[in-house]
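**Q** This is the structure I want to talk about, given as structure tokens.
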Amino acid sequence: MASGDGTVGKALEVLDLIARFGRPVKFAELQGESVHPKATLYRLVQTLANQGMLTHDPDTGTYSLGIRLVRLAHAAWHTTSLAPVARPHLDALARAAGQTVHLAQLDNAQVLYVDKRSARDPVEMFSQAGKVGPAYCTGVGKAMLAWLPEQVLQRFLPQQSFHQFTPSTLTSEAELRAELEAIRDRGHAYDREEHEPGIVCVAVPVLSPSARVLGAISVTGSTARTDLGHLEALLPELKKTAARVAEEATAWAFPVPVAANSKREGPSCPV
């Protein structure tokens, strides 16, 4: 969070911190992880609770994310996410492919999974709608990074952790840049068991008419049941699906009155 964002930025930092715990959390635990002085942190927590952004349980003395956030998230999903317009196309692709299909968008330098359509025989994996994952070692993440403008990429790459999840994980910015160049050349990205052992995928970006990154779609499977060769055979249908989603997203998000002689694009990842 930028230091110049003031009180709003600090409040959002507190919400992010509580979200990372993944459970109700006591104030003392927050204080142990927060950079803010105790008095400042307490004031922020109380304000967020008063506004319904946090819920306080007096029996356990814990704080958790509030129901108001659920309402806001639901509204955001319908108004800024690709998921509502993409779902029928993702369902059709999942049925045809017999594999799991993911839809993702960029959340700053990370991947936000906004929808997941399961195969007939689902495979347990990290990705779930609403989860945030790394961009540098996921197919959807690399597919989106590859088509970002250079000035945005320069801002996002230093934010990658380059943690080595598996022996196949890329662990440096130089390796990732070389991979992104290869992705642009061939038009699609791979996840070669880079984030999770035994999980592979092919992914393509969802691009606006001006080639702005709106999101990415992947077809994902377990190496116990498939391989990259079989997934590559699904690329023609995967690319058609991405094109259909991009076309509908552009028209859906910004309907232009007939009298307005201008064109506007669909929703993009926050860059």
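Where a number appears in this text, it was derived from the coordinates with a stated rule and is not lab data. None of the values given here were measured: they were computed from a predicted structure. Backbone-built Cβ (ideal geometry, glycine too); neighbour counts: all protein chains shown.
**Q** Net charge near GLN154: determine it from the other residues with C-beta under 12 Å of the C-beta of GLN154, scoring Lys and Arg +1 and Asp and Glu -1. Provide the component values of the computation, followed by the final result.
**A** Values: positive: ARG155, ARG177; negative: GLU150, GLU173.
So the surrounding residues net to 0.
**Q** Turning to a different aspect of this structure: Pull out a ≥ b ≥ c, the square roots of the eigenvalues of the alpha-carbon gyration tensor of the range 80-253, then state rounded if a/c is under 1.5, prolate if not and a/b is larger than b/c, and oblate in the remaining case. Numbers along the way, then the final one.
**A** On the way: a/c = 1.56, a/b = 1.08, b/c = 1.44.
Verdict is oblate for the range 80-253.
**Q** Shifting gears a bit: Counting only Cα atoms, I'd like the Rg/Rh figure for the range 7-106, Kirkwood definition for Rh. Could the numbers behind the result be given before it?
**A** Working: Rg = 18.0 Å, Rh = 15.8 Å.
Checking Rg against Rh, the ratio lands at 1.14.
**Q** Dipole of the range 80-253 (Lys/Arg Cβ +1, Asp/Glu Cβ -1, origin at the Cα centre): which of ALA104, VAL245, ALA146 lies farthest to the positive side?
**A** After comparing all options, I get VAL245.
**Q** Taking the Cα centre as origin and putting +1 on Lys and Arg beta-carbons and -1 on Asp and Glu beta-carbons, what dipole magnitude results for the range 3-71, to the nearest 20 debye?
**A** Numbers: 8 positive and 7 negative charges, 22 e Å.
Here the size comes out at about 100 debye.
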